[in-house]
Protein chains: 2
Amino acid sequence: MKAVIMAAGEGSRMRSTFDAPAPSKLLLPILGIPIIERVILAAKKAGIREFIIVTGYRGDAIREHLKDGSHLGVNIRYAENLQWKKGNAYSLFAARPLINPGERFFLLMGDHIFDPSLLSAFSEHITDKIKKAPESEAEQIYFLAVDSQPREELDVDEATKVFSADERITELGKKLDNFTGIDSGMFNFHHSIFDILEKEIEKGDGSLSSALQPVIGNGNLQAFFFQNYLWQDIDNKNDLEQAKRLLLKSLSKEKDGAISRYFNRRLSIPISAWISRFSITPNGISVISFCIALFSAFLFYFRHPLLGGLLAQLASVIDGVDGEIARLKFQESRFGAYFDSILDRYADAALIGGITAGCLLSETASPTAVFIAGFLALTASPFSMLAKEKFANLAGKDYIPHEQEGLFSYLPVNRDGRLAIIMIGGILNQLFAILILLAVLSNLQVIIRLIIARKYFQADADNIN
Amino acid sequence: MKAVIMAAGEGSRMRSTFDAPAPSKLLLPILGIPIIERVILAAKKAGIREFIIVTGYRGDAIREHLKDGSHLGVNIRYAENLQWKKGNAYSLFAARPLINPGERFFLLMGDHIFDPSLLSAFSEHITDKIKKAPESEAEQIYFLAVDSQPREELDVDEATKVFSADERITELGKKLDNFTGIDSGMFNFHHSIFDILEKEIEKGDGSLSSALQPVIGNGNLQAFFFQNYLWQDIDNKNDLEQAKRLLLKSLSKEKDGAISRYFNRRLSIPISAWISRFSITPNGISVISFCIALFSAFLFYFRHPLLGGLLAQLASVIDGVDGEIARLKFQESRFGAYFDSILDRYADAALIGGITAGCLLSETASPTAVFIAGFLALTASPFSMLAKEKFANLAGKDYIPHEQEGLFSYLPVNRDGRLAIIMIGGILNQLFAILILLAVLSNLQVIIRLIIARKYFQADADNIN
């Protein structure tokens, strides 16, 4: 399905709050990516490849920036709304020549950023509803995504409100006292909407909500109610800051170990926020994290355990940044995930090798004991990942440590935990203790996961037997 | 769906060829599992859990052996055909009280072993056909799985032949001169068949093909043509030996490395054939292979490289046996696959550790060089599996080395290849060379797979971006 993006307005509220360093507010970057590019890339992630951007105020700047979209991996065409001052119904109408008769399309606001999975969910909902509706009626049904539980920070006075007892929207406007949700600016229309607009556009105030009144009267505007998806209308500087905060907050991952969750993310997220303005790629950041770990290994070998330990922890923090930048900047890739996991394993091995060598040279423990501890730590180190990947392949679902392992998932034995052990051991100059701890914990984890896998696969009725 | 299994006949041809050590030919074991149990377990693997076994000759022995089926993870009920001498149409008719009106069911022969995926394919075909047929007609349609390309070894004189120009079978019998395929003994009926049997059973010779003539006349017996699936009617000793050969031949795996394919399987398959008569489990065999590898590691450490090398190769051969036994005896389990892969990684690490220690003690190379070579070999050793598992999870499909890697898949660096290197190095007493080779080849494989993953994920249009 195509998406029409409204990008004709002036953004005057934005201009009044601060001296925006861009010709159009839609080109203001949020964490390294201009607002309108975020809208396009989020829609792309939800499966949309064809865009029609309706420009008006400073359309030249927007066109020059986005071009034909090929550098973003999408196809962009432009419609021009010369009457952009009259209201956004005129902007939608301007897209008419670029939509085929019989075609459905999304309408998105150029200044509303959103979580791609919101658009995916909306899209599924629509497909489902259209499939169930009689063919003759389906063409006349339009959809609006409605936030039924808006965040407290939302400026309700400015928002367009929606009232609907069931799925049919019965009222839409800024001045409703009673409302069941907030207009998220995400619509889905059929080409038939243009005939309605043609008739209605001059009657009201030129706004889309005003032009949609007859559709609402017929009960043909349906609400898709949602909750807890990130979206943000960016009208002023506060909104911009709020959007940044929300995007950064969304970076913590379900699969995070305890150290990541409570410590690393507090450092990596601000670093990602800062790094996002540069053009370094996630894979580049993975390489930096790897090099830091390698350097840390050398420091252990050359008997600088304090510095080595601190650098190991830095490598751990930076290891979070690559994924954060990838998610923030729509640069996630499967090769990136593959590459990162290979580099991490080499980095871990280098650290254990460096610590073992440093420990042998310092002659604080018997060489045989150091050799064995280093061997056991090195052997078990990749199992943390290996066990998870093998489990996922066999079970057909991700292995989420805190789901499967309960309290055991707090053992500091995933990568974040192992690197924290190395940091603390380095600070205390207890290299042999690091090796013993890593050897014991990593091998203990293998056994725990073996028991869990046994229980899981035996309980899972859908056995391949 | 339920399956009715014909188990009423005497198996007189079997008795005339040799002195069978079982009261019924259906209880003769093939590779550790009685014929009829193979039929049940193959059907179970194709998703069937409810069985009706029609007994006649020595029904007591069959009931006593199979009981209610709970030890096989299925539910078995019995019907008795007192007139088993009259023909197999009587046997099918005896199942009538145990099939509900309106129900479809499979008919299987108690002496025909088959590949579970044949029944799965047959089942999918039926579901598809029934869905497309008008409801009133669907009840009257029956299906027969027909081998359109029977193996050369098949005794065509004895086989029931099928002729059909399209999907409708127009002739069925032993004496056809022109035929398009061979009756595999695998049918699918609706309960309505019993009314037809009731009328026809006394008219002909009591055989099912004779009783089905009116159905064939109406064009209601449809052929499901298949090719290249293993199945075997076991009438005499030759058939029994042939079945064994076919089952054993099917054990080579698509994912096998070159050493496995051309060397290990030639040893492991005869071992599996021999071991199949005992009740040792696949996991038990995995533990034996692990212990042999551990013992080999100790032999390297204690400077018996020749014996160590030979045992490493034995461990590699036995590592194939666990999977073969699992497949032969319907004992495949996801936990088994998980357990085996964890043990293999520890075995590999132990071998590299033993060789490194043995090499250090023999003082044939500088300790630093040995340490580094051992470290690099140990580090890269789990990547062979890790890279495959990670790839499979990200790509959503198995990583088959010879598909993705072309000629590189002949590098002896999968487990079979690494253990062969250890054997040859052990025989030649070149421990340092083993470590160098393993270090170089394993790390080279990591790089090759990184390049392949990059190409694959970039080419794959279905990118998560």
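I need the shape label for the range A:286-408. Rule: rounded when a/c is under 1.5, else prolate if a/b > b/c, else oblate, with a, b, c from the alpha carbon gyration tensor. Because a/c hits 1.5 or more and a/b fails to exceed b/c, the range A:286-408 counts as oblate. Taking amide H atoms as placed 1.01 Å from N in the peptide plane, the amide H of B:Leu107 lies under 5 Å from those of B:Val4, B:Phe187, B:Asn188, B:Phe189, each 5 or more residues away in sequence or on another chain. Of the residues making up the range A:340-358, those losing 40 Å² or more of accessible area when the isolated chain is joined by the remaining protein chains, with a 1.4 Å probe, are A:Ile342, A:Tyr346. Chain B against chain A buries an accessible area of about 4700 Å², both chains summed, 1.4 Å probe radius. Kirkwood hydrodynamic radius of the range A:2-247, from the reciprocal of the average inverse Cα-Cα distance over all distinct pairs: 18.1 Å.
When A:Glu324, B:Glu103 are compared by accessible surface with a 1.4 Å probe, the order from highest to lowest is B:Glu103, A:Glu324. Shortest first, A:Trp274 label-point distances to identical copies amount to 6.8 nm, with the label point at 7 Å from Cα along Cα→Cβ. When a 1.4 Å probe is rolled over the protein heavy atoms, the share of accessible surface on the range B:176-291 that falls to carbon and sulfur comes to 51 percent.
When nucleic acids and ligands are ignored and a 1.4 Å probe is applied, B:Trp274 ends up with an accessible area of around 140 Å². In a DSSP loop and with at most 13 other Cβ atoms within 10 Å, the trypsin sites (Lys or Arg not before Pro) in the range A:397-465 are A:Lys397.
Dipole magnitude of the range B:110-261 about its Cα centre, charges +1 at Lys/Arg Cβ and -1 at Asp/Glu Cβ only, in debye to the nearest 20? Please list the in-between numbers first.
Details: 17 positive and 29 negative charges, 115 e Å.
The dipole magnitude comes to about 560 debye.
Lysine pair count for the range A:253-464 with Cα-Cα distance under 24 Å and sequence separation of 8 or more or different chains is 13. Placing unit charges on the Cβ atoms of the charged side chains and taking the dipole of the protein assembly as shown about its Cα centre, the candidate lying farthest along the positive direction among B:Leu251, A:Thr55, A:Ser117 is B:Leu251.
Pull out a ≥ b ≥ c, the square roots of the eigenvalues of the alpha-carbon gyration tensor of the range A:253-464, then state rounded if a/c is under 1.5, prolate if not and a/b is larger than b/c, and oblate in the remaining case. Here the range A:253-464 falls in the oblate category.
Listed by chain and number, the lysines whose C-alpha is less than 25 Å from the C-alpha of A:Lys161, apart from same-chain residues fewer than 8 away, are A:Lys25, A:Lys85, A:Lys86, A:Lys129, A:Lys174, A:Lys175, A:Lys199, A:Lys203, A:Lys237, A:Lys244.
Kirkwood hydrodynamic radius (Cα pairs, Å) of the protein assembly as shown?
Values: mean 1/r = 0.0303 Å⁻¹.
For the protein assembly as shown, inverting the mean 1/r across all distinct Cα pairs yields 33.0 Å.
For the range B:182-247, the list of trypsin sites (Lys or Arg not before Pro) that fall in a loop by DSSP and count at most 15 other C-beta atoms within 10 angstrom reads B:Lys203.
Helical runs (DSSP H, four residues minimum) scored at -39500 (n - 2.57) apiece and divided by the length of chain B put the mean residue ellipticity at 222 nm at -16000 deg cm²/dmol.
For A:Leu361, the label point sits 7 Å beyond Cα toward Cβ; its separations from the matching points on the remaining copies run 2.8 nm, from shortest to longest.
Shape verdict for the range B:15-104, please, from the Cα gyration tensor: rounded (a/c under 1.5), prolate (a/b greater than b/c) or oblate. Please list the in-between numbers first.
Working: a/c = 2.04, a/b = 1.17, b/c = 1.74.
Taking the square roots of the gyration eigenvalues as a ≥ b ≥ c, the range B:15-104 is oblate.
In the assembly of identical copies, A:Tyr410 has its label point, taken 7 Å from Cα in the direction of the beta carbon, separated from the corresponding points by 5.6 nm (ascending, one decimal). Applying the criteria of a DSSP loop state and at most 14 other Cβ atoms within 10 Å to the GluC sites (Glu not before Pro) of the range A:334-411 yields A:Glu363.
Per residue, the accessible area of chain A comes to 44 Å², computed with a 1.4 Å probe over protein heavy atoms only.
Remark: relative contact order (chain A) = 13 percent; criterion is Cα-Cα distance under 8 angstrom and separation of 6 or more residues. Close amide-amide hydrogen proximity is noted between A:Leu176 and A:Lys161, each under 5 Å apart and 5 or more residues distant or on a separate chain (H modeled in the peptide plane; Pro and chain starts excluded). Projecting the Cα positions of A:Ile400, A:Ala373, A:Ala350 onto the charge dipole of the range A:339-414 (unit charges on Cβ atoms of Lys, Arg, Asp and Glu, taken about the Cα centre) puts A:Ala373 furthest along the positive direction. To the nearest 20 Debye, how big is the dipole of chain A about its Cα centre, given +1 on the beta carbon of each Lys and Arg and -1 on that of each Asp and Glu? The calculated dipole for chain A is roughly 1100 debye.
More than 36 Å apart: what percent of Cα pairs in chain A qualify? All intermediate terms of the calculation are to be shown ahead of the outcome.
Values: 46178 of 107880 pairs.
Tail of P(r) above 36 Å: 43 percent of Cα pairs.
Only four residue types carry charge here, +1 at the Cβ of Lys and Arg and -1 at the Cβ of Asp and Glu. Report the dipole size of the protein assembly as shown about the Cα centre in Debye, rounded to the nearest 20. Can you show the working numbers first?
Working: 98 positive and 106 negative charges, 423 e Å.
The dipole of the protein assembly as shown has a size of about 2040 debye.
The accessible area of A:Lys129, taken with all protein chains in place and a 1.4 Å probe, comes to roughly 60 Å².
Remark: relative contact order (the range A:253-464) = 27 percent; criterion is Cα-Cα distance under 8 angstrom and separation of 6 or more residues.
The values are calculated or read from the model by the stated rules, or taken from the named source; none is laboratory data. In this text, all values refer to a predicted model and were calculated from it rather than measured experimentally. Quick reminder, even Gly has a Cβ in these numbers, built from the backbone with ideal geometry, and neighbours come from all protein chains shown. The accessibility values were calculated without ligands, DNA or RNA, using every heavy atom of the protein model including side chains. Shrake-Rupley method; radii C 1.70, N 1.55, O 1.52, S 1.80 Å.
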